Protein chains: 4
Amino acid sequence: MKNAIIIGATGFGGLGLIEILLRHPEIRIAQLAARRDTGKPISRIFTHLEGFCDIEVRKPEEIDLDNIDIAFFSTPDRAGMTIINDFFNNNIPVIDFSGDFRFNSIEHYRVYAQNKGMDDTHHASDMLRHAVYGLPEINAQQIRNASVVGNPGCFSIAIILGLLPAVEEGIIESDTIICDGKTGVSGAGKNPGEANFYSQRYENVNSYREARHQHIVEVETLFGRMRSPQIKIVFVPQIVPLNRGILVTAYADIREGINSEKVFELYSEYYREKPFLTVTEQSPNTTDVRGTNQCRIKPMVDERTGTFITITVIDNLLKGQSGNAVQNANIMLRIDETAGLMAPAFYP
Amino acid sequence: MKNAIIIGATGFGGLGLIEILLRHPEIRIAQLAARRDTGKPISRIFTHLEGFCDIEVRKPEEIDLDNIDIAFFSTPDRAGMTIINDFFNNNIPVIDFSGDFRFNSIEHYRVYAQNKGMDDTHHASDMLRHAVYGLPEINAQQIRNASVVGNPGCFSIAIILGLLPAVEEGIIESDTIICDGKTGVSGAGKNPGEANFYSQRYENVNSYREARHQHIVEVETLFGRMRSPQIKIVFVPQIVPLNRGILVTAYADIREGINSEKVFELYSEYYREKPFLTVTEQSPNTTDVRGTNQCRIKPMVDERTGTFITITVIDNLLKGQSGNAVQNANIMLRIDETAGLMAPAFYP
Amino acid sequence: MKNAIIIGATGFGGLGLIEILLRHPEIRIAQLAARRDTGKPISRIFTHLEGFCDIEVRKPEEIDLDNIDIAFFSTPDRAGMTIINDFFNNNIPVIDFSGDFRFNSIEHYRVYAQNKGMDDTHHASDMLRHAVYGLPEINAQQIRNASVVGNPGCFSIAIILGLLPAVEEGIIESDTIICDGKTGVSGAGKNPGEANFYSQRYENVNSYREARHQHIVEVETLFGRMRSPQIKIVFVPQIVPLNRGILVTAYADIREGINSEKVFELYSEYYREKPFLTVTEQSPNTTDVRGTNQCRIKPMVDERTGTFITITVIDNLLKGQSGNAVQNANIMLRIDETAGLMAPAFYP
Amino acid sequence: MKNAIIIGATGFGGLGLIEILLRHPEIRIAQLAARRDTGKPISRIFTHLEGFCDIEVRKPEEIDLDNIDIAFFSTPDRAGMTIINDFFNNNIPVIDFSGDFRFNSIEHYRVYAQNKGMDDTHHASDMLRHAVYGLPEINAQQIRNASVVGNPGCFSIAIILGLLPAVEEGIIESDTIICDGKTGVSGAGKNPGEANFYSQRYENVNSYREARHQHIVEVETLFGRMRSPQIKIVFVPQIVPLNRGILVTAYADIREGINSEKVFELYSEYYREKPFLTVTEQSPNTTDVRGTNQCRIKPMVDERTGTFITITVIDNLLKGQSGNAVQNANIMLRIDETAGLMAPAFYP
């Protein structure tokens, strides 16, 4: 068994890791740490864990890096960059959940931070050259040997997986892709603010940060390596009264002569070996992937208008966050990529 | 007081009319009719109406057209066309909630019917030349004198109102407009099918009829009168776990030199005299308009990509259906356009 | 028109008052005050009010008591007691939403405060002898002449109205009544704490403060005047994933020989003149009364076990709070008791 | 591996079994059968199963009983009784989800059927003497050797487990116990009727079949064996806007001298060896047990009124249905009782 430490264990990201690792055949939870709610078992904070995980939550200062094989930083933006050096110096590979290590270039980080309205100085900028963008479907080789993996943003994962075959195969004509995102509220965490209290959210849909969401730069950076002129992303995220789930609908001009049948074949072939990807001709439901690490994509062409459309669903807390992180960890620890991640969901 | 008859009183459309007319200062409910649940008070079917409206629901054969000033057909597709003649011959103006009278041309009706998977023969095709598209913000003059008004589809209303100033003022460069719609389930009515039971819907988002929704032809027909070459609409509707509300996000290429400030001014000016339209720089919430006949629009430009974006919210059962119908009725009966429709919503 | 001031305008209680008074034929909103979010229009805080109510929210120090006919304190516990004297000295009748003025005796207040875990000293204890318990169905005469009305707790209203005829008519045999309450989350206000974020609440039911909820003492105090030996209330409240609505199921031993038919008659007769009370043989729905000032009660007897059961529903924000407060205000200002309160709800 | 057949595979009960057995180390799904939706893979009906379970659903006439070790009848009332003989004659033990085999006496069955408004003749009444009430916490020994197990009603399980220690230890003074139940809608199945569409349910709480729910006779029959005079149950069930989850609050007079501490000890001791039972001093949440086979109970005493109160939560589809059924199957097949049932839930 490999030993994992989770920094930031008391948020939804940390909880997702705990829930997965409790079922994982080869990784065990060695230590939990957090800033708040320390000195008591995690099952006091998340009562459903009682009897399953009663490990005490430590302060960051109290952790012990001996015998740790992998570290998960399920911490907010700008937390990981202040502690990364300890882990790097101890040769402990790190998977960070924030934007701190999603970019190799300080310029890209700055755009990200500015879009999020944060301080844009990076306190571990020398580590950026080691950072690997943690999307296994595209970067498995680099992830395997990485010391620092930046786990992607949840929307980024859905957008990239939904468009990757089309961008790489060059079937998109336009330089701009429209991405319309819908997300559940759990992505905002355990303390998502007044707009996401039950009374305020249960019957409300609204958009936010239209065309300036921080995940745009992630997607453009990645696609920028693949195609010139660079693709620009127009992304409008929307919050819907949903707990778990992301659905992204993307639109672009299609190269002439390509129809729904062809894009279905192209996508099916592209993702044939990817264990968590399903290409489908049915309209996917967020419930199809809820509670799992799967991603389902319906690619199609509206021939009447020459428009390429893909609809992509993931569970924002799993393939969009902790599931993807464990997939990364499996690769980094030379475990089967799907270990601990292949259970069917409960429905309804 | 004017006398109204509601055919199809036992669905959500009929209920919406009842709830509005109970507060209306100049229109009273004279008769209620429906196919099912007849012979008992409407308050047995909708128990919250007890004490407010206990009128008995009649069979269609039992209605009496004497002294009726206006008729609402809150009936499904293809019902209105079989009874319209009686009303027309009695000089009773009709507002129909289905697609039966939204088109002047039989060809457009056929596209509509085929997209909805229905029989496409029209049993009152001679009435189509009398039909007026019932969107008061654009057709008030014709509505005033109409004998048959086709109340628009709920998505059509949100799409058209969100784009109308831009299309009419010619600031859209592209021939295609992307419309991404999110709707609550109440639009599917009281018996919306297995996918919309609480257990199946509460945590699910899914798309349906992508790029072939029946409202596309409504929008294209209307915009076709205004601009050449004709604008094509790419419309992907999505159902979210919401009861009431529609939010449509539309995307198009913007003419060079136009920024967010300019489109905000243009929209504000265009809708200045429209009592139910609000142009806003804030991201609108579906709860802003829930329970009202209002429509709120946020127009903006993403200058980085040259993309025009509008976000439009309505209550699908009110401005998207029965509220809009009463607005039409007010105009047809020479009553103040806002009568019975200007109350603030309850929140939360 | 009478002039009202609302202190605590930026919470759900204040909002409820605003929404009702905007439709009220004889009371207008003269001033709004609050501790936070001052200096801007209320429609910036509750965006759905834009165009309906754009009055600026003042600091409590900035209010002006000239020409004020009635004051609503929609403030938390222990706020009203610090400002009541100003209003009393200016002969402005006050309706307070908290527990500050629900009791005539300092002992009862102390039990209330202790059960809620608050400081139990009362800073306006000399005012308690003027305080009238603001339940119009039982206290209309005293309310008419009151200078200070304590608007009851939402659960108290549902419990009392559901049991009042039975207690007063003496058909309950036992000295203990079991009250099982279910409430939506809006009762906890705009900032209800971590347990009521959408993700945490949407699929959770839990009980809290079992048998020690602060409303017990209100009910026992009231019933204590009517019956000896005093009735004791066992009350277990539960939060369900609901926004608006309270349903209370009460159980007690029934006097022999009384069946469902008899209690139905007794209740119907008792509430015959009460405009907001409906006695029904159908199982009531919270949606029957949502958005209204109504209370619906189903009284029944399980003859097999000799158990009296009543099921009572109200909208916790209306009959349970601001609707009841306006009903009190109508009585105090010699306006028709139902003014501004008789609209049917919107459904669904 | 043991082979299981599921009759009634296309409902939520069947689905629950499939989801559990896919993770089960010692039972595999051999065949699926149902009345409707036959001839296609189960993953076409429940799309989230794609890739996890693509077994074709057969008609009941097409099943093959060779090599079947256990049969689950996740069928509606009155279906199992028509097919039980085939299985009995082939020595295949059966676990039935309906009320068909929950009683040894035809009289009890009749009360059950009448309360549910069904035909009360039993077409396999000779099998009733073989029937074992399938609650492992009380009947493990008989279940082990049973040929026919009647899996209890979901409410019955919550009520019985919540009261069992108190009834058996004789600490309840009264002959009547009040049970107030709250349930999510998934218990009503995939086609729960108009009242449970999203629009109708999302903001509604209502009671139903007050004091005449069909599960009362199950509980009284069971407790009747333990105590004389027989305990009577007053049970009022309520539906809340919840998908999964049951919370039952029970009230009875407590024997003098017993306080919260003592009942907590008594309950803790009583359930010490039961793997799925947790006795807690915290107010339990339905989310604590959602997605699991657990039951959590908070027993307490309100000394002020002499009232014993227990609050019990289960997942109605798991410990309340298919989880409990697999627990029975484990016992019948001499597998560890917890096999396949011990995973922690996902939250939120």
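Is it fair to say C:GLN114 is in the same structural domain as C:GLY245 (by TED's automatic domain parsing), without any contact (Cβ under 8 Å) to a residue 60 or more places away in the chain and assigned to a helix (DSSP H, G or I)? No, not satisfied.
Every condition in (1) among the small types (Gly, Ala, Ser); (2) crowded, with 24+ Cβ neighbours inside 10 Å; (3) not in a helix (DSSP H, G or I) holds for D:SER174 except the one numbered (2). Examine the stretch C:280-296 for a residue that is part of a strand (DSSP E or B), more than 9 Å from chain D (Cβ to nearest Cβ) and of a type in the set (Lys, Arg), and state whether such a residue exists. Yes, the stretch C:280-296 has at least one match. Taking the stretch A:182-196 as the range and being part of a loop (DSSP other than H, G, I, E, B), more than 11 Å from chain B (Cβ to nearest Cβ), more than 21 Å from C:ASP37 (Cα to Cα) and small (Gly, Ala, Ser) as the test, only A:GLY189 passes.
Look at the stretch C:27-41: where a residue is polar (S, T, N, Q) and a partner is part of a loop (DSSP other than H, G, I, E, B), sitting 6+ places away or on another chain with Cβ atoms under 6 Å, you get C:GLN31/C:ILE63; C:THR38/C:LYS59. Of the numbered criteria (1) in contact with a helix residue (DSSP H, G or I) (Cβ under 6 Å, 6 or more places away or on another chain); (2) surrounded by fewer than 17 Cβ atoms within 10 Å (Cβ to Cβ); (3) over 27 Å from B:GLN282 (Cβ atoms), the one C:ILE27 fails is (2).
Taken as a whole, the structure places C:GLY245 among residues that are at positive phi and within 11 Å of chain D (Cβ to nearest Cβ).
For C:ARG209, the test of being of a type in the set (Lys, Arg), over 22 Å from C:ILE138 (Cβ atoms) and surrounded by fewer than 24 Cβ atoms within 10 Å (Cβ to Cβ) is passed. Note on the stretch C:12-56: residues that are hydroxyl-bearing (Ser, Thr, Tyr) and touching a Leu at 6+ places or on another chain (Cβ under 7 Å) total 1. Filtering the stretch D:284-291 for residues that are touching a Pro at 6+ places or on another chain (Cβ under 6 Å), crowded, with 24+ Cβ neighbours inside 10 Å and of a type in the set (Val, Ile, Thr) leaves an empty set. Of all residues in the stretch A:1-53, those being part of a helix (DSSP H, G or I), over 19 Å from A:LEU341 (Cβ atoms) and either not assigned by TED's automatic domain parsing to the domain that holds A:ASP69 or not aliphatic (A, V, I, L, M) (or both) number 4.
Taking the stretch A:128-163, which residues are in contact with a helix residue (DSSP H, G or I) (Cβ under 9 Å, 6 or more places away or on another chain), surrounded by 22 or more Cβ atoms within 10 Å (Cβ to Cβ) and part of a helix (DSSP H, G or I)? Within the stretch A:128-163, A:ILE143, A:CYS154, A:PHE155, A:SER156, A:ILE157, A:ALA158, A:ILE159, A:ILE160, A:LEU161, A:LEU163 qualify. Among all residues of the stretch A:257-279, there is at least one that is on the phi > 0 side of the Ramachandran plot, away from chain B (no Cβ under 11 Å), free of Cβ contacts under 8 Å to residues at least 12 places away in the same chain and assigned to a loop (DSSP other than H, G, I, E, B).
From the set of residues in the stretch D:223-240 that are facing chain C (nearest Cβ under 9 Å) and either outside any loop (DSSP other than H, G, I, E, B) or touching a Cys at 6+ places or on another chain (Cβ under 9 Å) (or both), which is farthest from D:ARG102 (Cα to Cα)?
Among those that are facing chain C (nearest Cβ under 9 Å) and either outside any loop (DSSP other than H, G, I, E, B) or touching a Cys at 6+ places or on another chain (Cβ under 9 Å) (or both), it is D:GLN238.
The set of residues in the stretch A:255-296 that are out of contact with any Gly (no Cβ under 6 Å at 6 or more places or on another chain) and of a type in the set (Val, Ile, Thr) comprises A:ILE258, A:VAL263, A:THR278, A:VAL279, A:THR280, A:THR287, A:VAL289, A:THR292. For the stretch A:4-19, residues that are more than 9 Å from every other protein chain (Cβ to nearest Cβ) and either under 16 Å from A:GLU56 (Cβ atoms) or buried (at least 22 other Cβ atoms within 10 Å of the Cβ) (or both) total 10. Restricting attention to the stretch A:197-222, the residues that are assigned to a helix (DSSP H, G or I) and in contact with a strand residue (DSSP E or B) (Cβ under 6 Å, 6 or more places away or on another chain) add up to 3. Taken over the stretch B:327-346, the residue count meeting the criterion of being within 12 Å of chain C (Cβ to nearest Cβ), at pLDDT 95 or above and crowded, with 21+ Cβ neighbours inside 10 Å is 1.
Would you check which residues across the stretch B:299-326 are out of contact with any helix residue (DSSP H, G or I) (no Cβ under 7 Å at 6 or more places or on another chain) and either closer than 30 Å to B:SER147 by Cβ or more than 8 Å from every other protein chain (Cβ to nearest Cβ) (or both) and list them? Give the steps one after another, and end with the answer.
Residues of the stretch B:299-326 that are out of contact with any helix residue (DSSP H, G or I) (no Cβ under 7 Å at 6 or more places or on another chain), as a first pass: B:302-307, B:309, B:311.
The one that is out of contact with any helix residue (DSSP H, G or I) (no Cβ under 7 Å at 6 or more places or on another chain) and either closer than 30 Å to B:SER147 by Cβ or more than 8 Å from every other protein chain (Cβ to nearest Cβ) (or both): B:GLU303.
Looking across the stretch B:47-71, the residues that are within 14 Å of chain C (Cβ to nearest Cβ) and either of a type outside the set (Asp, Glu) or out of contact with any strand residue (DSSP E or B) (no Cβ under 6 Å at 6 or more places or on another chain) (or both) come down to B:THR47, B:HIS48, B:LEU49, B:GLU50, B:GLY51, B:PHE52, B:CYS53, B:ILE55. Given the criteria out of contact with any Ser or Thr (no Cβ under 8 Å at 6 or more places or on another chain) and surrounded by fewer than 23 Cβ atoms within 10 Å (Cβ to Cβ), does A:GLU168 qualify? The answer is yes for A:GLU168.
For the list (1) small (Gly, Ala, Ser); (2) within 17 Å of C:LEU333 (Cβ to Cβ); (3) assigned to a helix (DSSP H, G or I), I need the number of the one condition that C:ALA71 fails. Against the list (1) small (Gly, Ala, Ser); (2) within 17 Å of C:LEU333 (Cβ to Cβ); (3) assigned to a helix (DSSP H, G or I), C:ALA71 comes up short only on (3).
The values are calculated or read from the model by the stated rules, or taken from the named source; none is laboratory data. Since we're looking at a predicted model, the values are computed, not measured. Note that each Cβ is placed from the backbone with ideal geometry, even for glycine, and that neighbours are counted across all protein chains shown.
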